[in-house]
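Okay, structure first, notes after.
The values are calculated or read from the model by the stated rules, or taken from the named source; none is laboratory data. Everything numeric in this text was worked out from a predicted model, so none of it was measured. Here the Cβ is made from the backbone with ideal geometry for all residues, glycine too, and neighbour counts use every protein chain on show.
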């Protein structure tokens, strides 16, 4: 009897053990499932660290100024007209107090003609802008440099004076020669 | 600024400018050949052209824009009738080397700046002829200074006339305010150049009077 009870106890204990271990296994499985759900939502947090790269073409800046010695004077509040590559008027505006004007390029249009009309009547300048040429410094006239161009002007004028003086001295020599004869 | 750029004026005004310039240049060569040889005048002409040529680089900000020295009064008083070809050469150099003023408008620009130079010369010469006293040099300086200022004002006026003529021909109202704007913008320059012209004339009269056309017994 005692043995039976012991066996029953043992069986009971074994059954309890099985039950417990079964429960534990189920609990373990449950934990795994819960954890997997948790991981699913974790992906949302992880994707927030992804780096996004986008690009946009920045505005084109136009700067108009009166050139001269002693620095440039910005061409303030001047009318600006921008034409696209087909000659249609694309955008108009005014330069700001620094002589600058910004506009966004039209998609697909690479060449623009920019006309600036200074607020002093009778003065305008235009420049052609070609985006596909890379960074273009449209002030190609400045390539030689202002001091050199001043010297060039003086050179021409000195040349004119020199030719005149040469002519004069030749005449004087001729007259002297004729005088001697 | 009285240098008109390309593409602003109507073709009739541009052509008229060229014809007038050519005529006045030919006249000035003929007139001066009656009194002196051109070869003798050339060094002085080159010097004044150089001064005129760099004058446009000196800017004076006026309101939202700026004006530059013209010096056509000084050139007129020093060179006499040859000031007109001198200004023409100066404008050619400015247009090609500095992109200052258009190339097609060199003719009309010469007319706009050269005629006031001749006017300044005329006024000063008449006044100088009337005054024989050396003591009246201060009066000559004042009159020359005034003519220098008048030369600038006339240049602004003629420039606005050219613009308004373009408006009338084209039938557009673009430059109707041109005269007022140009004259107002150049008002400080009138004063500045009057002072410069007067000072230069006084200085040259004392140091080397024969440099001045008004002091020479020639045109």
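If you filter the range B:159-179 down to residues that are outside any helix (DSSP H, G or I) and facing chain A (nearest Cβ under 9 Å), you find that the one that is surrounded by the most Cβ atoms within 10 Å (Cβ to Cβ) is B:175. Does residue A:97 count as surrounded by fewer than 17 Cβ atoms within 10 Å (Cβ to Cβ), under 19 Å from the mean Cα position of the chain (by Cα) and either within 14 Å of chain B (Cβ to nearest Cβ) or assigned to a loop (DSSP other than H, G, I, E, B) (or both)? Judged against the criteria, residue A:97 is not a match. Here residue B:24 does not qualify as at the interface with another protein chain (Cβ under 7 Å from one of its Cβ atoms), in contact (Cβ under 8 Å) with a residue 40 or more places away in the chain and not in a strand (DSSP E or B).
Scan (1) surrounded by fewer than 24 Cβ atoms within 10 Å (Cβ to Cβ); (2) modelled with pLDDT under 95 for the single condition residue B:124 breaks and write down its number. Checking residue B:124 against (1) surrounded by fewer than 24 Cβ atoms within 10 Å (Cβ to Cβ); (2) modelled with pLDDT under 95, the one that fails is (1). Here residue B:65 qualifies as over 15 Å from residue B:47 (Cα atoms) and modelled with pLDDT under 90. Condition (residue is assigned to a strand (DSSP E or B), within 28 Å of residue A:118 (Cβ to Cβ), within 17 Å of the chain's Cα centre (by Cα) and facing chain A (nearest Cβ under 7 Å)) applied to the range B:44-58: is it met by at least one residue? The answer is yes; a qualifying residue exists. Please indicate, with yes or no, whether at least one residue in the range B:23-32 is buried (at least 24 other Cβ atoms within 10 Å of the Cβ) and touching a helix residue (DSSP H, G or I) at 6+ places or on another chain (Cβ under 8 Å). No: the range B:23-32 contains no residue that is buried (at least 24 other Cβ atoms within 10 Å of the Cβ) and touching a helix residue (DSSP H, G or I) at 6+ places or on another chain (Cβ under 8 Å). Checking each residue in the range B:153-175 for being more than 21 Å from residue B:114 (Cβ to Cβ) and free of Cβ contacts under 8 Å to residues at least 24 places away in the same chain picks out B:167, B:168, B:171, B:172, B:173, B:174, B:175. In the set (1) farther than 19 Å from residue B:61 by Cα; (2) in a helix (DSSP H, G or I); (3) free of Cβ contacts under 8 Å to residues at least 24 places away in the same chain, the condition left unmet by residue B:201 is number (3).
Screening the candidates B:90, B:107, B:114, B:102 for the property of being farther than 18 Å from residue B:160 by Cα and either surrounded by fewer than 24 Cβ atoms within 10 Å (Cβ to Cβ) or within 11 Å of the chain's Cα centre (by Cα) (or both) yields one hit, B:90.
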